[in-house]
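The values are calculated or read from the model by the stated rules, or taken from the named source; none is laboratory data. Computed from a predicted structure; not experimentally measured. Note that we place each Cβ from the backbone using ideal geometry, even for glycine, and neighbour counts take in every protein chain shown. Just so you know, the surface numbers come from the protein's heavy atoms only, side chains and all, with ligands and any DNA or RNA stripped out. Shrake-Rupley method; radii C 1.70, N 1.55, O 1.52, S 1.80 Å.
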Amino acid sequence: MKGAVSFLLIALLSAAPALAQSLPERSEHVVQYRISVALDPAKHELTGKQTLTWRNPSATDVVSELQFHLYLNAFKNTKSTFVRESGGQLRGDRMARDGWGWIDITSIATASGADLKPTLAFIQPDDGNPDDQTVVKATLPEPVPPGGSVTLDIAFVSKLPQVFARTGYKDDFYLVGQWFPKLGVYEPAGMRGRETGGWNCHQFHATSEFYADFGSYAVEITVPSDYVLGATGERKSQRTNGNGTTTYLYEQADIHDFAWTADPDYVVVKATFSATQDVTPAEYARIAKQLGRTLDQVKLSDVDITVLLQPDHRPQAQRHVDAAKAGLKWYGLWYGRYPYKTLTVVDPAPGAAGAGGMEYPTFITAGSAWMFNYWPFDRIRAVEFVTVHEFGHQFWYGMVANNEFEEAWLDEGLNTWSTSKAMVAAYGPDATMVEFLGFKLGDQDVNRASNDPAGRYNRILARSWDYTPSGDYGFYSYFKPSLVLGTLEGYLGEQTMARLMRTYHERWRFKHPRSEDFFSLVNEVTGQDWSWYFDQVVRGTDIVDYDIGSAVSRRVRVPRGVFGDGAARKTVSGADAEKQDAAAAKAKREMFESTVVVRRSGGVRLPVDVAFKFEGKPVERLSWDGRDTTKTFRFARSEKLEWVDVDPDRKILLDVNWVNNGRRLDPDARPAASWTARWLFLLQNLFATLGLL
Ligand SMILES: [Zn+2]
């Protein structure tokens, strides 16, 4: 007995971590950046010195080559891969004429003094474009052994572009992102499914974002003293230099990128997210119960919020603060405490929209316009939506750091879905996008509107620069994945979905997952194999569409005509039959034959519920596995069928058309083409124009 009990205990204890995994507190530190940089506003140039230590994360590989991203070279000339792919236009923004940007490594040496400059060579691992200079390799005089490290001293000059594609200047506004020589990720064998170790260091593409290793940053930034500065991490010190400039020191650990901003015009708005005042005890209790975690495990911590606002946008200050708090609260409760002490929200200058809607560790850029000060545009929750979304990237990509080049859906898709949830939690259901004149619209509605029945050519799981046309990147990285997750939630239910997402975050916080890791976790959490689902909707290209092919409900009438032969021949006259039918109706003895054909017009096969409503009876549901192209349901009942509805709860958000899901059998007019459709169209265009998505 005793032996059996302790065996059971051991089994239970060893199973426990998978069920209630604690939140990792810190990342591995593969890189350490110590940078000192000065801004020359007259030339829009940065001069920087960088001491970089890299630790070889492999247990077996000897590494003699380093690969760096030089992202700013994407803006060097029209021959770069980025400009070729984008045609100088991105996210509704256009590259300024002659607004070029570039980065030069002026010196690079090991700490022991070996000069690596002669070994530098541009490489183009993705497209072989010899004119692209966004990746450079350096060869080390002595290879780095497994687990060993190397320290380099690098000097660089960066010419910032006029704001385009997230980074640059506009007059005296600076948003400085991807501005220093940044190491790619050395992936040892086994990491993200790799067979052999090697660098993952893609060129900068029009539709791609980023991928980098975790570590610590300490960055000294020198700017004119009248500029207001904001940056990733915590401000540790500042000193005036006596020459009209001030130097600020920022530090942060457990991050994989560093961005900063400077503008003399910023209005600084400070606020604190309070873990005790901004979340009620009842909310903590509810979330802990939903997630199956202890109160301690869902407890949040205080965060200093700084909003750097354009003077014209003063009336929106509280909206930015409230949205930042909504993000800290809901993402924190659901996925795990935001572990950093600061959050900076940047409101880009007018005309610098290209810098808006972007995320860096502890530092996000929102997006707004003066018109959102005023009715009716103040009822469009664009300010809130963008701030919550960009904040959400602290979790999806910031901490759970997938490769954005190769699997953008893992950050943009998970985050688009999470943004919807957070907007609903903070602002109420169906009101997350627009609420005025009695009209409400949620942003999953907007995502659904982008699901084109003709779009059967691309897939979610693709490298971001492979989309043709490149505009498909948006749908397949943001909207479709959000619908995939929403549909999955429809199948799993809210609680299981919440636990799944929590577990995924806990397990991959401060790590680099790939799609396969997400899929296998779904199987693990649900105890079922979901590959049939992900194979179709993430790897596959086809669409989901269920509709009613036909629905008839006919009264069974008394047979009429001539029956039998010879002496037995008998005629039932029309008049007699009508009389009998009338008598049956009066006595409520009529019978109806109802036949419904439900169709699967999309190629994706998903199980689906069908609801049937017979006169005077409660709604009945039957399920269909959706494998065949049609399914016929027949009923012989004493009630007439009133209506039929496939996927009556509208759980399958992936369905490209819900208008054809239901059918009334009496000739009642169906609702005319809704105002919703027109609104969706207008809104999507508005958001695309503003470059906010
Ligand atoms: Zn995003």
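For region 592-602, enumerate the residues that are open to solvent by 80 Å² or more (accessible area, probe 1.4 Å) and under 19 Å from ARG557 (Cβ atoms).
Result: GLU593, single match.
For LYS511, state whether it is within 19 Å of the chain's Cα centre (by Cα), among the charged types (D, E, K, R) and within 16 Å of the ligand (Cβ to nearest atom).
No, not satisfied.
For region 202-240, enumerate the residues that are free of Cβ contacts under 8 Å to residues at least 12 places away in the same chain and either touching a helix residue (DSSP H, G or I) at 6+ places or on another chain (Cβ under 8 Å) or of a type in the set (Lys, Arg) (or both).
ARG239
Given the conditions (1) at pLDDT below 90; (2) within 18 Å of ALA498 (Cα to Cα); (3) outside any loop (DSSP other than H, G, I, E, B), report the number of the one that VAL446 does not fulfil.
(2)
Out of PHE68, PHE82, I need the residue that is more than 30 Å from THR151 (Cα to Cα) and surrounded by 23 or more Cβ atoms within 10 Å (Cβ to Cβ). Which one?
Selected residue: PHE82, the only one of PHE68, PHE82 that is more than 30 Å from THR151 (Cα to Cα) and surrounded by 23 or more Cβ atoms within 10 Å (Cβ to Cβ).
Out of everything in region 319-331 that is open to solvent by 10 Å² or more (accessible area, probe 1.4 Å) and either aromatic (Phe, Trp, Tyr) or modelled with pLDDT under 95 (or both), what residue ends up being nearest to ALA285 (Cα to Cα)?
Ranking the qualifying residues of region 319-331, first place goes to TRP330.
Among the strands (runs of 3 or more DSSP E) lying completely within region 100-173, list those that include at least 3 residues that are open to solvent by 10 Å² or more (accessible area, probe 1.4 Å).
102-110, 135-144, 149-159
State whether the residues of region 661-682 include one that is assigned to a loop (DSSP other than H, G, I, E, B), within 16 Å of the ligand (Cβ to nearest atom), modelled with pLDDT under 55 and open to solvent by less than 60 Å² (accessible area, probe 1.4 Å).
Scanning region 661-682 turns up no residue that is assigned to a loop (DSSP other than H, G, I, E, B), within 16 Å of the ligand (Cβ to nearest atom), modelled with pLDDT under 55 and open to solvent by less than 60 Å² (accessible area, probe 1.4 Å).
Would you check which residues across region 520-565 are within 26 Å of ASP472 (Cα to Cα) and β-branched (Val, Ile, Thr) and list them?
Passing the criteria: VAL537, VAL538, THR541, ILE543, VAL544.
State which residue is modelled with the lowest pLDDT when the search covers only region 384-426 and only residues that are away from the ligand (no atom under 11 Å from the Cβ), aliphatic (A, V, I, L, M) and surrounded by 24 or more Cβ atoms within 10 Å (Cβ to Cβ).
Looking at residues that are away from the ligand (no atom under 11 Å from the Cβ), aliphatic (A, V, I, L, M) and surrounded by 24 or more Cβ atoms within 10 Å (Cβ to Cβ), I get MET423.
Of everything in region 198-239 that's hydroxyl-bearing (Ser, Thr, Tyr) and modelled with pLDDT under 95, which residue is most open to solvent (accessible area, probe 1.4 Å)?
Only one residue fits best here, namely THR207.
Of all residues in region 603-644, how many are more than 19 Å from SER553 (Cβ to Cβ) and open to solvent by 70 Å² or more (accessible area, probe 1.4 Å)?
6
ALA583 fails exactly one of the following numbered conditions: (1) open to solvent by 40 Å² or more (accessible area, probe 1.4 Å); (2) modelled with pLDDT of 95 or more. What is the number of that condition?
Checking ALA583 against (1) open to solvent by 40 Å² or more (accessible area, probe 1.4 Å); (2) modelled with pLDDT of 95 or more, the one that fails is (2).
Among the residues of region 364-382, is any modelled with pLDDT under 80, in contact with a Lys or Arg (Cβ under 9 Å, 6 or more places away or on another chain) and closer than 30 Å to SER601 by Cα?
No, region 364-382 contains no residue that is modelled with pLDDT under 80, in contact with a Lys or Arg (Cβ under 9 Å, 6 or more places away or on another chain) and closer than 30 Å to SER601 by Cα.
Go through (1) out of contact with any Ser or Thr (no Cβ under 9 Å at 6 or more places or on another chain); (2) open to solvent by 30 Å² or more (accessible area, probe 1.4 Å); (3) at negative phi and name the single condition GLY242 misses.
Failed condition: (3).
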